[in-house]
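All remarks here apply to the structure that follows.
The values are calculated or read from the model by the stated rules, or taken from the named source; none is laboratory data. Quick caveat: nothing in here was measured; it's all calculated off a predicted structure. Glycine also receives a Cβ, built like all others from the backbone with ideal geometry; neighbour counts cover every protein chain displayed. Calculation scope for accessible area: heavy atoms of the full protein, side chains included, ligands and nucleic acids excluded. Shrake-Rupley method; radii C 1.70, N 1.55, O 1.52, S 1.80 Å.
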Amino acid sequence: MKYHDNSSFASDSIGIDIDLKKLKFLIPEIFGPIQQIKYKLKNWGFSTHIETISEHVKYGDSQGAIVVKTDPLLIAAYNEDIDCIVMLLFEKRIQERYNFKVKDRLVCVNTFAKIQQLQSDLIPGKNNSKMWTLVHPIIADLVSLDEDKIEKRKNEIGDNGYEYIWQLATDYLKLKNGASRIGKPLYSDQVIPLPF
């Protein structure tokens, strides 16, 4: 991998590809003229946010995510390594495009890092591996058209998995006042207190 740590591998990678139209709708600011030229020249060593996100969703660890609220749109993205959810806040136009319902099942793709302290918005669960202190989730359904792979992963997670994620999400809302992250892929690894 070019942008992510080669020393560890995701146990549940689903190998999805990004769809540029979906990604552009989600995060148009990374599709400026210079970024698009760099993306076309990626084989010559130019790096872009598009390419980094593409590698993330292809090789990252896939887990369940669930719609918690629709106004504003809140999606809880689960990660198994820290055994917790990350609450992501999305713009109104995302809800208008996808018309999500509360408890809709989605898939997120996570990458991890070790920083000095556990990110302040995370509530580690009893199965926390303690290997990582930073998690970066991207909602697969919002960036890819690989519906068969995404649906297959949802079926693997199953009813019990999604019920567990829902419980973590409802517990999170009782303990934390607001979402802590913007859902756009470029920013979803950053803790930014946000009212909702």
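Per the listing Leu142, Leu122, the residue uniquely under 30 Å from Pro28 (Cα atoms), out of contact with any strand residue (DSSP E or B) (no Cβ under 6 Å at 6 or more places or on another chain), surrounded by 15 or more Cβ atoms within 10 Å (Cβ to Cβ) and of a type outside the set (Lys, Arg) is Leu142.
Among the criteria (1) assigned to a loop (DSSP other than H, G, I, E, B); (2) at pLDDT 85 or above; (3) under 22 Å from Asp159 (Cα atoms), the one Ile18 does not fulfil is (3). Report, by residue number, each residue of region 100-123 that is within 24 Å of Asn155 (Cα to Cα), assigned to a loop (DSSP other than H, G, I, E, B) and not acidic (Asp, Glu). Passing the criteria: Phe100, Lys101, Val102, Lys103.
Summed over region 48-77, residues that are surrounded by fewer than 18 Cβ atoms within 10 Å (Cβ to Cβ) and aliphatic (A, V, I, L, M) total 0.
Quick grid of which residues meet (1) assigned to a loop (DSSP other than H, G, I, E, B); (2) modelled with pLDDT under 95; (3) crowded, with 20+ Cβ neighbours inside 10 Å; (4) of a type in the set (D, E, K, R):
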site	(1), (2), (3), (4)
Lys152	no, no, no, yes
Gly158	no, no, no, no
Gly161	no, no, no, no
Tyr164	no, no, no, no
Ala169	no, no, yes, no
Leu173	no, yes, no, no
Asn177	yes, yes, no, no
Leu186	yes, yes, no, no
Val191	yes, yes, no, no
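Against the numbered list (1) more than 18 Å from Ser54 (Cβ to Cβ); (2) of a type in the set (Val, Ile, Thr); (3) in contact (Cβ under 8 Å) with a residue 24 or more places away in the chain, Ile115 comes up short only at (3). Just give me the residues in region 53-90 being touching a Gly at 6+ places or on another chain (Cβ under 8 Å) and of a type in the set (Asp, Glu), in sequence order. Asp83 - this is the single residue of region 53-90 that is touching a Gly at 6+ places or on another chain (Cβ under 8 Å) and of a type in the set (Asp, Glu). The C-beta contact set for region 90-101 (first residue basic (Lys, Arg), second residue part of a loop (DSSP other than H, G, I, E, B) and open to solvent by less than 60 Å² (accessible area, probe 1.4 Å), distance under 8 angstrom, 6+ apart or interchain) comprises Lys92/Pro72.
The residues in region 92-116 that are modelled with pLDDT under 95 and either open to solvent by less than 10 Å² (accessible area, probe 1.4 Å) or more than 23 Å from Gly15 (Cβ to Cβ) (or both) can be counted, and the count is 3.
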